[in-house]
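The values are calculated or read from the model by the stated rules, or taken from the named source; none is laboratory data. Not measured: the values here are computed from a predicted model. Glycine also receives a Cβ, built like all others from the backbone with ideal geometry; neighbour counts cover every protein chain displayed. Just the protein is used for accessible areas: all its heavy atoms, side chains included, with ligands, DNA and RNA removed. Shrake-Rupley method; radii C 1.70, N 1.55, O 1.52, S 1.80 Å.
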Protein chains: 2
Amino acid sequence: MYKVKVYVTLRESVLDPQGSAVKSALHSMTYNEVQDVRIGKYMELTIEKSERDLDEAIREMCEKLLANTVIEDYRYEVQEVVTK
Amino acid sequence: MYKVKVYVTLRESVLDPQGSAVKSALHSMTYNEVQDVRIGKYMELTIEKSERDLDEAIREMCEKLLANTVIEDYRYEVQEVVTK
């Protein structure tokens, strides 16, 4: 079994209004040292072993469903879970 | 300058309807090996050096604004950025 952590972030060139709103909120809470906030998604998938290639499957899932590759980038980490 | 990566996830005991929806979608796309999906938030903060204690400031920001600690857990990583 694998635990896959997927991080989806907006591309650098894409405006992040949600991040700007959080930044303004932090400034109004006196945290003026915050210069920039970018908000993304974090997903944890638990995937069983199958005959499919894991990396290929994850890449397909990300490109077809989890990330909008026009405006978002993704990266992922795979951890093997050993069940006792 | 610091780059802080904040991960906010729903607590184990809290239902994740968004994750369930993504899981069903992945199943309908033939990825039946996906057993579980949990969805969280990922935030990148760029923070300038200040006289405030960084860890304490981040913890306050998370607890007051970025995470709802009743139903969410958070963790963070700090990277120091060296400007050339």
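Looking only at residues in the stretch B:52-72 that are more than 10 Å from the chain's Cα centre (by Cα) and outside any helix (DSSP H, G or I), the one that is nearest to B:Leu26 (Cα to Cα) is B:Ile71. Of all residues in the stretch B:12-41, those that are within 16 Å of A:Cys62 (Cα to Cα) have Cβ atoms under 6 Å from Cβ atoms of residues that are among the small types (Gly, Ala, Ser), 6 or more apart or on another chain, in B:Glu33/A:Ser50; B:Val37/B:Gly19; B:Arg38/B:Gly19; B:Ile39/B:Gly19.
Just to be sure before I move on: is A:Val37 within 14 Å of the chain's Cα centre (by Cα), of a type outside the set (Lys, Arg) and modelled with pLDDT of 95 or more in the structure I sent? Here the answer is no, as A:Val37 does not meet what is asked. Inside the stretch A:1-15, residues that are of a type outside the set (A, V, I, L, M), open to solvent by 20 Å² or more (accessible area, probe 1.4 Å) and within 25 Å of B:Ser24 (Cα to Cα) make up a count of 4.
Within the stretch B:59-71, take every residue that is out of contact with any Leu (no Cβ under 8 Å at 6 or more places or on another chain) and more than 9 Å from chain A (Cβ to nearest Cβ) and give me the one that is farthest from A:Val34 (Cα to Cα). Talk me through it step by step, then tell me what you get.
The first filter runs over the stretch B:59-71 and keeps only residues out of contact with any Leu (no Cβ under 8 Å at 6 or more places or on another chain), leaving B:59-60, B:62-64, B:66-70.
Subset that is more than 9 Å from chain A (Cβ to nearest Cβ): B:59, B:62-63, B:67-70.
On the way: B:Arg59: 14, B:Cys62: 13, B:Glu63: 16, B:Ala67: 17, B:Asn68: 20, B:Thr69: 21, B:Val70: 25 Å.
For the stretch B:59-71, the residue satisfying everything is B:Val70.
Residues in the stretch B:73-84 include none that are part of a strand (DSSP E or B), within 30 Å of A:Glu51 (Cβ to Cβ) and in contact with a helix residue (DSSP H, G or I) (Cβ under 6 Å, 6 or more places away or on another chain). If you go through the stretch B:16-51 and keep only what is at the interface with another protein chain (Cβ under 7 Å from one of its Cβ atoms), surrounded by 12 or more Cβ atoms within 10 Å (Cβ to Cβ) and part of a loop (DSSP other than H, G, I, E, B), you end up with B:Met29, B:Tyr31, B:Glu33, B:Ser50. Within the stretch B:57-84, no residue satisfies the criterion of being without any contact (Cβ under 8 Å) to a residue 24 or more places away in the chain, polar (S, T, N, Q) and touching a strand residue (DSSP E or B) at 6+ places or on another chain (Cβ under 8 Å). Is it the case that some residue within the stretch A:45-56 is closer than 27 Å to B:Cys62 by Cβ and either in contact (Cβ under 8 Å) with a residue 60 or more places away in the chain or in contact with a Leu (Cβ under 9 Å, 6 or more places away or on another chain) (or both)? Yes, that holds for at least one residue.
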